[in-house]
Amino acid sequence: EDQVTQSPEALRLQEGESSSLNCSYTVSGLRGLFWYRQDPGKGPEFLFTLYSAGEEKEKERLKATLTKKESFLHITAPKPEDSATYLCAVQAEGYQKVTFGIGTKLQVIP
Amino acid sequence: DTGVSQDPRHKITKRGQNVTFRCDPISEHNRLYWYRQTLGQGPEFLTYFQNEAQLEKSRLLSDRFSAERPKGSFSTLEIQRTEQGDSAMYLCASSYIGADTQYFGPGTRLTVL
């Protein structure tokens with residue numbers, strides 16, 4: 001069964017203090033790995049899709065990377081508006097189902 | 001492009017009652033998905049439609065749950081004889097055939113008293 005483990009569960013950063021969120025996964029044939037951002041009481045907002053080891057994608061202060069066992073979401077010089085829960089998810093080859101981790105709750109303090 | 005919409009946004013019901021939620025996907029998206037999310041957890045897959053056909057169902061989808069997408073556009077999720085354990089956020093997502101990214105709606109928050 002596909003599994004996604006995210007760490008840490010919660011992270012508190014000062015504004016401008018860069019850090020990384022970790023996503024470890026096991027899946028029988030990776031079709032895609034996804035990162036989403038979720039604000040309280042709202043649906044997940046799509047950030048990135050990664051398909052193969054070595055792939056990297058960037059958007060503003062966020063950069064996602066992928067290895068065969070892990071993905072990292074790097075946050076450079078975060079701002080308070082980056083505070084949210086960041087969800088990692090995987091999709092196996094041949095399936096539409098996406099398996100999510102429990103997320104990392106990020107708080108950026110001014 | 002107005003995004004995925006869900007109705008209602010909040011629903012409070014008493015145990016034993018039936019509830020129905022609606023999802024309108026992004027226009028021209030052929031695939032539609034239902035997920036359930038409880039507090040402090042990530043979304044859990046329930047079921048998926050490609051056009052009108054329901055192609056994948058999770059073991060989480062008990063006999064009390066039924067989903068339909070009669071014309072390949074909007075979808076409904078019905079929960080019969082609700083239980084307190086059904087309290088959760090019910091999320092809908094949609095995507096194109098051939099594209100992997102699923103775009104989520106705002107969710108319906110269900111509270112069963």
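Computed quantities for the displayed model
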read-out	value
Matching residues, segment B:1-16, being at pLDDT 95 or above and either exposed (fewer than 14 other Cβ atoms within 10 Å of the Cβ) or closer than 19 Å to A:P44 by Cβ (or both)	B:V4, B:S5, B:Q6, B:D7, B:P8, B:R9, B:H10, B:I12, B:K14, B:R15, B:G16
Failed criterion for B:T101 (all others in (1) at pLDDT below 95; (2) within 22 Å of A:V90 (Cβ to Cβ); (3) in a strand (DSSP E or B); (4) among the polar types (S, T, N, Q) hold)	(3)
In segment A:97-110, residue farthest from A:G16 (Cα to Cα) [restricted to those that are in a strand (DSSP E or B) and of a type in the set (A, V, I, L, M, F, W, C)]	A:V98
Tally, over segment B:12-66, of residues that are within 14 Å of another protein chain (Cβ to nearest Cβ), hydrophobic (A, V, I, L, M, F, W, C) and out of contact with any Asp or Glu (no Cβ under 9 Å at 6 or more places or on another chain)	7
Matching strands (runs of 3 or more DSSP E) fully within segment A:1-96 where at least 3 residues are surrounded by 13 or more Cβ atoms within 10 Å (Cβ to Cβ) and not basic (K, R)	A:3-7, A:19-26, A:30-38, A:45-50, A:62-66, A:70-75, A:84-92
Considering residues of segment B:54-66 that are surrounded by 15 or more Cβ atoms within 10 Å (Cβ to Cβ) and outside any strand (DSSP E or B) only, the residue modelled with the highest pLDDT	B:S58
Pick from segment B:67-113, criterion buried (at least 19 other Cβ atoms within 10 Å of the Cβ) and of a type in the set (F, W, Y), ranking: nearest to the other protein chains (Cβ to nearest Cβ)	B:F104
Among residues of segment B:18-33, those that are surrounded by 13 or more Cβ atoms within 10 Å (Cβ to Cβ) and under 20 Å from B:Q84 (Cβ atoms), counted	3
Filter pass, A:F100 being without any contact (Cβ under 8 Å) to a residue 24 or more places away in the chain, within 13 Å of another protein chain (Cβ to nearest Cβ), surrounded by 13 or more Cβ atoms within 10 Å (Cβ to Cβ) and of a type in the set (F, W, Y)	no
Answer residue from segment B:34-52, given it is of a type in the set (D, E, K, R) and in a strand (DSSP E or B) and is surrounded by the most Cβ atoms within 10 Å (Cβ to Cβ) among those	B:R36
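The values are calculated or read from the model by the stated rules, or taken from the named source; none is laboratory data. Please read these numbers as outputs of a predicted model, since none were measured by experiment. Please note: Cβ atoms are built from the backbone with ideal geometry, for glycine as well, and neighbour counts cover all protein chains shown.
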